[in-house]
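**Student:** Could you have a look at this structure, given as structure tokens, before my questions?
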């Protein structure tokens, strides 16, 4: 067995188990024993429903999405409504969570912050999934030198300390919500690409693919209609968990001052702004941090629930 | 020879001898003639005006050294009400001075290098001034005081400077100090392969010769600020300089050697720099045994450590920011000092499209809540600014009233400038093309990009406030940031063809000259060129001729009263035309434990400048 | 085995070369270029700027600069810092031990905690301890590292005053216990993510091996539970864990930047951050490369250990 293959085929497993924020989470839920056969979708749905945590996560996410969508109506104040006569005010009925260093309402900024945080999360996940699918499919389907070249490229990108590179990028180029989404996306597709490639390698040898190829089904159609659906579960789980990863990454970059432009309410920016005063007004740092933690927690629960529900092999 | 120690008695009972450039300088240093008398007598002796400039520099009669009457007292009263203590003399705690001891200083930045010739940071100067000495130095009243030179002399034509060098001075490495060291410094600074950060003054030197302990510097042209560059240059030992360009640059910068009262001990990267008392110092040896300069890049921690006593002093580059003072005032056993700075904070406005119209700029000034920013954001710990001269100095025009925050007046002026509400309430109107006073171009929306240097929280906050106010009068303002090198680099906001502004501070020099900021000669000829007048890069100011004339006139006038009148006019013009929105003058807030004596910070020198006089009780 | 090692080591070279070339390209794409630091000074004349550019070699053609740069790296020469005026390698080596101390302590802490929690949780699946540990580890993975650090700082340093809030030593201190006290909060901060991740890992691999035949056999032979756990189960859980540690080097690098920022720890992350604000390209490139080397090394070690420890793989 070639050593390279060892690493690469081992990778999906490592992805699932390692401590990466993007990585999977092993099951908390009791193992499922076999039941009366139903359709795979029904089985998955039933398994998902079985998991209280996943349902709880879904609920939290739904609430956050609603808050983000209806922020204008929900938030008691505007996102950038500065009030110099009310700087770092204590919580009151007027300002439930108090005000920040420019007199802006903390609760309103948390609500508006959900918008950007979720947007960055979902946007990044989509970018990374898209790139992951394209690279993974090409490498896995065509194999040969295309595969070698793409996988070497993946190796190089994985060898980059992403945090350093992203900080350099944003400090030089400046940043906007869009560039944050793009660059975070461009640094989080590699694991998915490897998973897809690995799956394709084994799927390719299967009879139904051989058959389809022999009757001249074009490559694109073959990949799209026959191969990708078989890795659908991996794609869905990876995308979900990447949302959580991206939200954390955005907060990290913004906290360091190189993420979404300052002034835009995101949870990371709020943490950045709260830091100079956090000994005197700790609530301004505690609130966005807790909100972010719960958001990520909820998404991770859902991702885990999906993994358990969609994994046809079941889990220990 | 001019003796830098004031000794009025040397003139005896009779009138002082006032027959040459040096007589006049000596008499002025001794305090037996006034500045006005010096200028008048110089005129009688037919001394050329540029030489008078040199003399004034040598006697330190500059913007900051000569405060106007009354105003400093008022400022002091203000400081006391606010709980801070004006830094108008060395701290003198009760109790007996102790011999020895260790003082720990906190700083929120690390020096780039401790090399006096290549460093670009104040933090570095704060430390190396205690280690490497100069021939003469400025004290906190901006008077020249003797260091490695005991006396100096300027030739009547203002071209030759002679210094009497101190003998029996030892460097920390055991070398003896002599004029050869100064010559070596000159050579290395002017060596293009070395790449000194600043060659000002030295580039005017033709030759340096040594005659016993007298150092004779011949210059190629009269250069007024000669003493404030060459005179105060730090002197490294010749042996270190001649070790080679690379070793000198690299090794000396990490472990400097000088003749100062403290010698370098260690520099632990990102942690601390330690200096200790130099036993063989030529002058009064230091009281303290050791000074530890701790690097703690976090304001919260700085306060925590002041509270626990882990740090006993912060100052100069590491001084408290205005918004932290209230919190620091609550710390037992710590005194918060306060002194003026030379920094004026403003939003510059690029002369482009609508911003070329005076009415639009005036409207933006009305729409900027400067007083609220000072009172609320900075807790009143800054001075409102109307133009480019420091409140308290003789050059400051006290008769200009700042424009109040008045949204209605702002809107009225914008309407007068031909702007009407367009889509989403953003004002739009024709822009000027040739004549800045005639709006005859395309109709464009009034959209301004407001920039600040990334990472500077206070600037960011000011920009947010300004942006909200401007937006409320229909000027679409977005706040953007870039890191410090990009924003001032050739790709920065100053060179884009958009309406932009940026919030930052200029730091005035010791002389109130302001040509650098406004004159058309100081418009850079390319994005990498030099010059301070960047807002006028694309179009000259619509008052360019007037400001050109006035700034030249101000620099050519040596009589202070006359010069003051011209400077007053400049400030009136700036206030009227608003090329930049003047927001506030910063103040500095060093803090020191109540048992530290001899600490006397000011805007004229760096932290360790008189560290040999510091003591603990 | 030796051949395998050599092959892997040789394989790392083009990888690092790729990283080096890409880094160089990124720097060249920067607006204002590497000399932007100097161009910002309005008082600096065009001639002075040109002299500086010449000294830095920036006036030569880009491909030539690349070749020179690569050649220098191979000789261990990372260039001269633009702001510190000394070799980059020197500036980096000054702080790298501090970062390694932080990362190393974090890893050890995390390994111990992960083994402890993981095995205990696996012993009583779905027991109280298991549920609590699971819940805690969910939080550990969801929390932003820097926020956790800030909260620790707020509670233990600012409010309770038990531990120092920043730095690596006290003024005038620097002894073992002094550094140890300063290390507690940062080490916990950098370790929190991996404690959470690794303990789950240990839990599932322990559960897996508890169900293996040899464990059943050992139990059937009447071996006491303690020895079964330590002798068989733990050993088997340890093998894959060691490889995960190697894979998680990037996680620790990110953690180091954040932890060092929050706790003013004098390490590589701080050096990087300071260099970033003044655009000290040689230092940025040096740290980027060093980070890549650490990551590749981590992978290599993981790979090799996996081979060494798992008897099922032969070469």
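**Student:** Over all distinct alpha-carbon pairs, what is the Kirkwood Rh of the range C:193-291 in angstrom?
**Tutor:** 16.5 Å
**Student:** Rounded to the nearest 10 degrees, what's the angle between the helix B:299-308 long axis and the longest principal axis of chain B, both from Cα atoms, 0 to 90?
**Tutor:** Compared with the principal axis, the helix lies near 40 degrees.
**Student:** Based on C-alpha coordinates, I'd like the Rg and Dmax of chain B, in Å.
**Tutor:** Expressed in Å, the Cα Rg and Dmax of chain B come to 25.5, 81.
**Student:** Within a 10 angstrom radius of the beta carbon, how do B:423, B:199, C:68, B:301 rank from fewest other beta carbons to most?
**Tutor:** Result, fewest neighbours first: B:423, C:68, B:199, B:301.
**Student:** In nanometres, what is the gap between the two model label sites at residue C:216 and residue B:207, each 7 Å from Cα along Cα-to-Cβ?
**Tutor:** 10.3 nm
**Student:** Further, regarding this structure: Once the Cα atoms of helix B:35-44 and of chain B are each reduced to a long axis, what angle between those two axes, in degrees from 0 to 90 to the nearest 10, is obtained?
**Tutor:** 80 degrees
**Student:** Now for a separate question. What does the highest-first list of C:230-239, C:278-287 look like by mean Cβ count within 10 Å?
**Tutor:** C:278-287, C:230-239
**Student:** Continuing with the same structure: Can you compute the radius of gyration and Dmax for the range C:107-146, using only the Cα atoms, both in Å?
**Tutor:** 10.9, 33
**Student:** Ranked by Cβ crowding within 10 angstrom, fewest neighbours first, how are B:126, B:246 ordered?
**Tutor:** Working: B:126 25, B:246 14.
Ordered by Cβ neighbours within 10 Å, fewest first: B:246, B:126.
**Student:** In nanometres, what is the gap between the two model label sites at residue B:242 and residue C:293, each 7 Å from Cα along Cα-to-Cβ?
**Tutor:** Roughly 3.8 nm, to one decimal.
**Student:** Here's a follow-up. How long are the three semi-axes of the equivalent ellipsoid of the protein assembly as shown, in whole Å, if each is the root of 5 times an eigenvalue of the C-alpha gyration tensor, listed from largest down?
**Tutor:** Equivalent ellipsoid of the protein assembly as shown: 60, 35, 29 Å, largest first.
**Student:** What FRET efficiency comes out for residue B:200 versus residue B:521 if R0 is 22 angstrom and r is the Cβ-Cβ distance? Round to the nearest 0.05.
**Tutor:** 0.80
**Student:** What fraction of the DSSP beta bridges in the protein assembly as shown is antiparallel, stated in percent and rounded to the nearest 5?
**Tutor:** Close to 80 percent.
**Student:** Set the Förster distance to 45 Å, then compute FRET efficiency between residue C:68 and residue C:4 from the Cβ-Cβ distance, nearest 0.05.
**Tutor:** 0.80
**Student:** Can you tell me the FRET efficiency between residue B:48 and residue B:9 if r is taken as the Cβ-Cβ distance and R0 is 30 Å, rounded to the nearest 0.05?
**Tutor:** Taking R0 as 30 Å, the efficiency between residue B:48 and residue B:9 is 0.40.
**Student:** Let me ask something else about it. For peptide B:475-485, compute the average count of partner chain beta-carbon atoms within 10 Å of each residue's beta-carbon. Don't jump to the answer; show the numbers that get you there.
**Tutor:** On the way: counts 0, 0, 0, 2, 5, 5, 7, 6, 14, 6, 19.
Averaged over the peptide's residues, the number is 6.
**Student:** So what's the back-of-envelope 222 nm ellipticity for the protein assembly as shown, counting only DSSP H runs of four-plus at -39500 (n - 2.57) apiece and dividing by all residues, rounded to 500? Don't skip to the answer; put the middle values down first.
**Tutor:** Numbers: 43 runs with 593 residues, N = 1248.
The helix contribution divided over the protein assembly as shown gives -15500 deg cm²/dmol.
**Student:** For C:205, C:169, what's the fewest-to-most ordering of other Cβ within 10 Å of each Cβ?
**Tutor:** C:169, C:205
**Student:** Kindly give Rg over Rh for the range B:1-45, based on alpha-carbon atoms, with the Kirkwood expression for the hydrodynamic radius.
**Tutor:** 0.93
Throughout, read-outs are computed from the coordinates displayed, never taken from laboratory work. Quick caveat: nothing in here was measured; it's all calculated off a predicted structure. Cβ coordinates were reconstructed from backbone atoms using ideal geometry, including for glycine residues, and neighbour counts include every protein chain displayed.
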